[in-house]
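Q: Starting off with a structure, shown below.
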Amino acid sequence: ILTVKAREIRSGVEQHIEIKPQYGLSDQEVERLLLESITHAKDDIQKRALVEARTEGEQLLHTTEKFIAKNNSLLTPAEMLDTAAAMQSLQLALTMDDKDLIRERMEALNDISRPYAERAMDQAVSGALKGQKID
């Protein structure tokens, strides 16, 4: 059931160990389980991609909310409306089983927030460099 291989880098000596239970699963059962795992691999990969997209989307929403709460003076009224609409659109996409739609809505929110995020960075850099001499 378990095969472990290790190689010592300096000497190149390699060890190999195979562990098989003396009870429990037969070779046929192990083979069946392996075939089932291969059969379901595509579904598992798709489910994982959806979970990852949802997690990233939720993180983006949270980060955007925190940014706006801290820096709302940097946003124009139009940017506030566009951002709210993009966030709502992403929130809706998160309820669906479509990772591509989630990624698309995340990209849209990133595109909308990029200009004011850059303004915030410029303001932070200006504040940090204010009164500093550059030789």
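The values are calculated or read from the model by the stated rules, or taken from the named source; none is laboratory data. Since this is a predicted model, take the numbers as computed values, not measurements. Here the Cβ positions follow ideal geometry from the backbone for every residue, glycine too, while neighbour counts run over all protein chains shown.
Q: For the structure I just gave you, tell me whether Thr3 is modelled with pLDDT under 95, more than 30 Å from Arg114 (Cβ to Cβ) and hydroxyl-bearing (Ser, Thr, Tyr).
A: yes
Q: Now for a different question. Quick check on my filter: what residues within segment 1-48 are within 30 Å of Leu101 (Cβ to Cβ) and of a type in the set (Ser, Thr, Tyr)?
A: The answer is Ser37, Thr39.
Q: Same structure again: Is it true that some residue in segment 89-111 is among the aliphatic types (A, V, I, L, M), at pLDDT below 95 and more than 30 Å from Leu2 (Cα to Cα)?
A: Taking every residue of segment 89-111 in turn, none turns out to be among the aliphatic types (A, V, I, L, M), at pLDDT below 95 and more than 30 Å from Leu2 (Cα to Cα).
Q: From the list Glu36, Glu56, Glu18, which one is free of Cβ contacts under 8 Å to residues at least 40 places away in the same chain, among the charged types (D, E, K, R) and assigned to a helix (DSSP H, G or I)? Walk me through it before giving the result.
A: Numbers: Glu56 fails: free of Cβ contacts under 8 Å to residues at least 40 places away in the same chain; Glu18 fails: assigned to a helix (DSSP H, G or I).
The match here is Glu36.
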